Amino acid sequence: MTKKIAPSKKAEVAAENYDAKKVPLNAKLGNDEKIALFRDMVRIRRFEERCLRSYQAGGKIGGFLHLYIGQESVAVGVVSVMGDDDHIITAYRDHGHGLAVGMGMNEMMAENYGKYTGCSKGKGGSMHYFDPSRNYWGGHGIVGGQIPLGTGLAYALKYQGRKGAALAFMGDGAVNQGAVHEAYNLAALWDLPVIFVIENNGYSMGTSQARSSAGPSLAARAEGYGMNWDIVENGHDIYEVRDKVAAALKLAHDKSKPTVLEIRTYRYRGHSVADPDSTYREKSEIEEYKRTKDPIMVYQNALTAEGTLTEELIKQIDDSARAEAETSAQFAEQSPYPTIEDIKKDVYWEVDNPADKKSKGSLFFD
């Protein structure tokens, strides 16, 4: 018999720290802000679709390509409630987060192509976007490896006395990694302002959550650490995402307390483009989600019903996003590759700043 976990900490987040009825976060949004959220979601979708075309063109994008199609409401919803001292770190499905924080399609597509004009100078590729100027710390290819790093970001914020938080994203497969639980332990032990965001799209690579993860929910594991937790049941609803993230941010900002936040979402494509879309799930499952819960269509219908969006404006936003994505592919095509000499750059700080070198001996062995 499965023991039911009392949602004591979950209740604390929901009741003590954020009451949607008292603080109508989404009710405060103006029409321009709503349209901006919609535009950001559409831009992610069109960028990802253009990435897919480049990957399938043969040789344009090397390595793996993990698309964010279907999960747009998560990244956009989360970033929309972040403050100036809030930081993001995520895994290899990182394109949506990059666009949400304000990165440009050109530098992102160029990185996919391995070009020098990319955000990581062509050395990282699709899985390793970085933009410290926007508090965006990647893009990490090791499953769960970014979670201790995100916990370290939270430690630094607390140490420096800043009223900020680190949002450490992971997929549902990463929650079974040991490093994740080590990070949970330290975050709870030291009261660190970190939000562990689980983007639960139901399948860790090609294995359903029911077959890979024990327990009543992924977020409820936080109970074992005395940590606050909550679940966004409808991750396709950008307003629900914003509400729950705002609650966790308030707890982190005001009390320096961590939270595990599970956001239930869905991806349309395979784990990566190299994987088939539906060998481990029925095509009807994918089509049903698209028909009833597509995050862009759900939000578009809501904004159209209230008169915020018109057919003309929808077309304008969509055409603009498609054109921007196409331009980024052209930019990537025309950009140069890194040189042989570049392989030694951005590896050791002392190599890039020889005047300040203090260590002795060789850093590279040719």
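The values are calculated or read from the model by the stated rules, or taken from the named source; none is laboratory data. Here the structure is a predicted model, which means the values were calculated and not measured. Heads up, the Cβs are rebuilt from the backbone with ideal geometry, glycines too, and the neighbour counts pull from every protein chain shown.
For every residue, the table says whether it meets (1) under 25 Å from residue 96 (Cα atoms); (2) surrounded by 10 or more Cβ atoms within 10 Å (Cβ to Cβ).
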residue	(1), (2)
322	yes, yes
328	yes, yes
331	yes, yes
335	yes, yes
345	no, yes
352	no, yes
357	no, yes
362	no, no
365	no, no
For this session: Go through the residues of region 163-185 one by one and say whether even a single one is assigned to a loop (DSSP other than H, G, I, E, B), in contact with a strand residue (DSSP E or B) (Cβ under 7 Å, 6 or more places away or on another chain) and aliphatic (A, V, I, L, M).
Result: yes
Problem set entry | Qualifying positions in region 161-187 - surrounded by fewer than 20 Cβ atoms within 10 Å (Cβ to Cβ) and among the aliphatic types (A, V, I, L, M) | 179, 186
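For residue 199, indicate whether it is over 27 Å from residue 290 (Cα atoms) and charged (D, E, K, R).
No.
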For this session: Inspect region 140-154 for any residue being of a type in the set (A, V, I, L, M), within 15 Å of the chain's Cα centre (by Cα), buried (at least 24 other Cβ atoms within 10 Å of the Cβ) and part of a loop (DSSP other than H, G, I, E, B) and give the result as yes or no.
Result: no
For this session: Enumerate the pairs (first residue in region 188-204 and in contact (Cβ under 8 Å) with a residue 12 or more places away in the chain; second residue anywhere and outside any strand (DSSP E or B) and acidic (Asp, Glu)) with beta-carbon separation below 8 Å, excluding pairs fewer than 6 apart on the same chain, so at least 6 apart or on different chains.
Result: 198/172; 199/172; 200/172; 201/172; 202/172; 203/172; 204/172
Problem set entry | Scan of region 203-250 for residues that are modelled with pLDDT under 95 and surrounded by fewer than 17 Cβ atoms within 10 Å (Cβ to Cβ), ordered by number | 205, 206, 207, 208, 210, 211, 212, 214, 215, 216
Exercise. Would you pick out the residues in region 277-295 that are surrounded by 12 or more Cβ atoms within 10 Å (Cβ to Cβ) and either in contact (Cβ under 8 Å) with a residue 60 or more places away in the chain or not acidic (Asp, Glu) (or both)?
Worked result: 278, 280, 281, 286, 289, 290, 293, 294, 295
Exercise. Considering only residues of region 1-51 that are under 19 Å from residue 224 (Cβ atoms) and in a helix (DSSP H, G or I), which is modelled with the highest pLDDT?
Worked result: 9
